[in-house]
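*Asks:* Handing you this structure, nothing more for now.
The values are calculated or read from the model by the stated rules, or taken from the named source; none is laboratory data. This is a predicted model, so every value here is computed, not measured. A quick note on method: Cβ atoms are made from the backbone with ideal geometry, for glycine too, and the neighbour counts reach across all protein chains shown. Note: accessible area is taken over every heavy atom of the protein model, side chains too, but ligands, DNA and RNA are not part of it. Shrake-Rupley method; radii C 1.70, N 1.55, O 1.52, S 1.80 Å.
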Amino acid sequence: MNDDRTAGGTTTTVFFADQEPQAHPPAEARELKPRQSRSDAVFRAVSFSAGGMTVAIMLSVGVFLSLRAGSAMQVAGLDFLFEQKWSPETGEFGIAAVLFGTVTIAVIAMCVSVPLALGTSLLISEVLMGRLKQWSITLVDLMAAVPSVVFGLWGLFFLQESIIPVSRWISTYFGWIPFFAVTDETGAAMTDASAFTSSAFIAGIVVGLMVVPTQTSIMREAFMQAPAGEREAAYALGSTRWGMITAVVLPFGRGGIIGGTMLGLGRALGETIAVYMIISPIFAINWQVLKTGGNSVSALIALRYGEASEFALSALMAAGLVLFLITLVINFAASSIVARSRSGAESEV
C-alpha cells in the first residue's frame, strides 16, 4: 500500500513495507562482435593458405606415389613387404631386406644421437651462461645446415677408419650377442678390417651425428621454458643443480625429449646421400650390424633410379611410398606427443 502526500505543491508517494516493488524486464544480452582489422584478416588468410598448401602438397605426394606404384603393387601384392630380393625384371622384388636395413641404421643413429642431444641441450640450457651460451646455440643450429654429402664424405674417408678398431673390439668381446658377431659362411669369427667397412654401424653413427642438431634444438627449447619459480623452489629446498634438473627440468621437458627423438628418427629413416656413400648395398637381411653390407630404402632408390625401367621405376615408387607412410606416422606421433605434454605437470617440487 502507498500514501500520496502533498507538501509545498509537491506530491510525494510513500511506499510501505508490505508493498512489492515493480519487476523490471530483464536486460537483453548483447552479442559482442569484435571488429577485425585489415592486418588481422590478411594474417588469417595467409596462415590458412599456408596450412592448406602444406596439407595439399603432402596429399599430392602420397597420391603421386600411390599412382606410380600401382603397377608394381599389383604384381607383388603383400609379398612386397616380405620379399628380400630386388629383381623387378624377373618379378621377384620386395623391401624386406632394405626396410630392415633402414630400421637398423635408424636405431643405431638414435642410440648415438639421443644421449648427445640430451647432454648438449642440458649443457646449453642449465650450465653455460652469457656469450658462450649464445655461441653454443648458434654453433649447434649451424650444424643442422651442413649438407648431408659433407657428412657422407667425412664418414667415408675419416670416421670409417677410426671406427673399424672399435667395431673389431666390440665383435671380439661382445660377439656372443648375435647382433655384434662378425662371422663368415662357416660361422668362424672374422677379424680382417675389410669385414668391418661399409657397415650399418658406421652408417648409423654418421646419420646419428647428422640428426643431433635438430634434436638438440627441440630439447633445448623445451628445457629453457621450465618455470623459474620451480627452479628456485628446488634450490630453496636444498636441491643441487642435478637434483633440480631431475626434479624440474627433465619432467617439464619430457614432451620435448620424446618429440625431438621421434622427429630425429623420422629424419634418420629418410637419410639418403650419407647412407648411399657409406653402405655396401646387399639385398639380404644382415643381422650382424658390424659386418660389411646393408641397405636402406632411400639408398636403394638413389642407387637404382638412373638405370630403372618403367616397371622397375614403379617398384621404386612403391618402396618410396612405404617409407613415406612410415615417416608420416612417426612425425604425426611426435607432434601429438608434444602437443599433449603438460609442461611441468609431473615435477616433484
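*Asks:* Looking only at residues that are buried (at least 22 other Cβ atoms within 10 Å of the Cβ) and either on the phi > 0 side of the Ramachandran plot or assigned to a helix (DSSP H, G or I) (or both) in segment 275-287, which one is nearest to the chain's Cα centre (by Cα)? Break it down stepwise before answering.
*Replies:* Step one: list which residues in segment 275-287 are buried (at least 22 other Cβ atoms within 10 Å of the Cβ), which gives 275, 278-279.
Pick out the ones that are also either on the phi > 0 side of the Ramachandran plot or assigned to a helix (DSSP H, G or I) (or both) and you get 275, 278.
Values: VAL275: 19, ILE278: 23 Å.
It comes out as VAL275.
*Asks:* Would you mention how many residues in segment 135-170 are closer than 30 Å to ARG220 by Cβ, open to solvent by 80 Å² or more (accessible area, probe 1.4 Å) and of a type in the set (Asp, Glu)?
*Replies:* Selection size over segment 135-170: 0.
*Asks:* Consider PHE43 carefully, then state whether it is open to solvent by 80 Å² or more (accessible area, probe 1.4 Å) and at pLDDT 65 or above.
*Replies:* Details: open to solvent by 80 Å² or more (accessible area, probe 1.4 Å): yes; at pLDDT 65 or above: yes.
Taking the combined requirement at face value, the residue satisfies it.
*Asks:* Next question, about the same structure. At least 3 residues that are at pLDDT 90 or above and more than 30 Å from ALA334 (Cβ to Cβ) in each: list the helices (runs of 4 or more DSSP H) lying fully within segment 133-239 that qualify.
*Replies:* Details: elements: 148-154, 160-174, 200-224, 228-236.
Those helices (runs of 4 or more DSSP H) span 160-174.
*Asks:* Return only the number of the condition from (1) buried (at least 19 other Cβ atoms within 10 Å of the Cβ); (2) more than 16 Å from VAL103 (Cβ to Cβ); (3) in contact (Cβ under 8 Å) with a residue 60 or more places away in the chain that ILE301 does not satisfy.
*Replies:* Exception for ILE301: condition (3).
*Asks:* Within the group VAL98, VAL107, VAL112, which residue is in contact (Cβ under 8 Å) with a residue 60 or more places away in the chain, under 26 Å from ALA284 (Cα atoms) and open to solvent by 60 Å² or more (accessible area, probe 1.4 Å)?
*Replies:* Exactly one of VAL98, VAL107, VAL112 is in contact (Cβ under 8 Å) with a residue 60 or more places away in the chain, under 26 Å from ALA284 (Cα atoms) and open to solvent by 60 Å² or more (accessible area, probe 1.4 Å), namely VAL107.
*Asks:* Another question, then. Give the residues of segment 128-181 that are among the small types (Gly, Ala, Ser) and more than 16 Å from SER199 (Cβ to Cβ), sorted by residue number. Break it down stepwise before answering.
*Replies:* Filtering segment 128-181 for residues among the small types (Gly, Ala, Ser) gives 130, 136, 144-145, 148, 152, 155, 162, 167, 171, 175, 181.
Hits for segment 128-181 are GLY130, SER136, ALA144, ALA145, SER148.
*Asks:* Assess whether GLU221 counts as being within 18 Å of the chain's Cα centre (by Cα) and free of Cβ contacts under 8 Å to residues at least 40 places away in the same chain.
*Replies:* When the stated conditions are applied, GLU221 passes them.
*Asks:* Moving on to the next point. Would you tally the residues in segment 57-84 being more than 16 Å from ILE95 (Cα to Cα) and of a type in the set (D, E, K, R)?
*Replies:* Final tally of qualifying residues: 1.
*Asks:* While we're here: Anything in segment 184-203 that is without any contact (Cβ under 8 Å) to a residue 40 or more places away in the chain and of a type in the set (A, V, I, L, M, F, W, C)? List them, or say none. Break it down stepwise before answering.
*Replies:* We begin by selecting, within segment 184-203, every residue without any contact (Cβ under 8 Å) to a residue 40 or more places away in the chain; these are 184-189, 191-193.
Result: ALA188, ALA189, ALA193.
*Asks:* State all residues of segment 288-297 that are open to solvent by 10 Å² or more (accessible area, probe 1.4 Å) and either in contact with a Lys or Arg (Cβ under 6 Å, 6 or more places away or on another chain) or polar (S, T, N, Q) (or both); if no residue qualifies, say none.
*Replies:* Within segment 288-297, GLN288, THR292 meet the criteria.
*Asks:* Are any of the residues in segment 89-97 within 19 Å of the chain's Cα centre (by Cα) and within 24 Å of THR272 (Cα to Cα)?
*Replies:* Among the residues of segment 89-97, not one is within 19 Å of the chain's Cα centre (by Cα) and within 24 Å of THR272 (Cα to Cα), which makes the answer no.
*Asks:* If you go through segment 65-77 one residue at a time, do you hit one that is of a type in the set (D, E, K, R), under 30 Å from GLY293 (Cβ atoms) and either in contact with a His (Cβ under 9 Å, 6 or more places away or on another chain) or not in a helix (DSSP H, G or I) (or both)?
*Replies:* Kept after step one, since they are of a type in the set (D, E, K, R), are these residues of segment 65-77: 68.
Restricting the remaining residues to those that are under 30 Å from GLY293 (Cβ atoms) gives 68.
Still in the running and either in contact with a His (Cβ under 9 Å, 6 or more places away or on another chain) or not in a helix (DSSP H, G or I) (or both): none.
No.
*Asks:* I'm trying to understand the selection: among the residues of segment 82-119, which are under 18 Å from PRO213 (Cα atoms) and small (Gly, Ala, Ser)?
*Replies:* The answer is ALA106, ALA109, SER113, ALA117, GLY119.
*Asks:* Follow-up question, since we're still on this one. Among residues belonging to segment 245-274 that are closer than 24 Å to GLY293 by Cβ and either in contact with a Gly (Cβ under 8 Å, 6 or more places away or on another chain) or without any contact (Cβ under 8 Å) to a residue 12 or more places away in the chain (or both), point out the one that is most open to solvent (accessible area, probe 1.4 Å).
*Replies:* Among those that are closer than 24 Å to GLY293 by Cβ and either in contact with a Gly (Cβ under 8 Å, 6 or more places away or on another chain) or without any contact (Cβ under 8 Å) to a residue 12 or more places away in the chain (or both), it is ILE273.
*Asks:* Please verify whether VAL206 is surrounded by 13 or more Cβ atoms within 10 Å (Cβ to Cβ), out of contact with any Lys or Arg (no Cβ under 8 Å at 6 or more places or on another chain), closer than 26 Å to PHE283 by Cβ and touching a residue at least 40 places away in the same chain (Cβ under 8 Å), treating the condition exactly as stated.
*Replies:* Yes: the conditions hold for VAL206.
*Asks:* Quick check, is TRP242 surrounded by fewer than 22 Cβ atoms within 10 Å (Cβ to Cβ), touching a Pro at 6+ places or on another chain (Cβ under 9 Å) and farther than 22 Å from SER66 by Cβ?
*Replies:* It is false that TRP242 is surrounded by fewer than 22 Cβ atoms within 10 Å (Cβ to Cβ), touching a Pro at 6+ places or on another chain (Cβ under 9 Å) and farther than 22 Å from SER66 by Cβ.
*Asks:* What tally of residues in segment 185-203 results from selecting those that are open to solvent by less than 20 Å² (accessible area, probe 1.4 Å) and in contact with a helix residue (DSSP H, G or I) (Cβ under 6 Å, 6 or more places away or on another chain)?
*Replies:* 4
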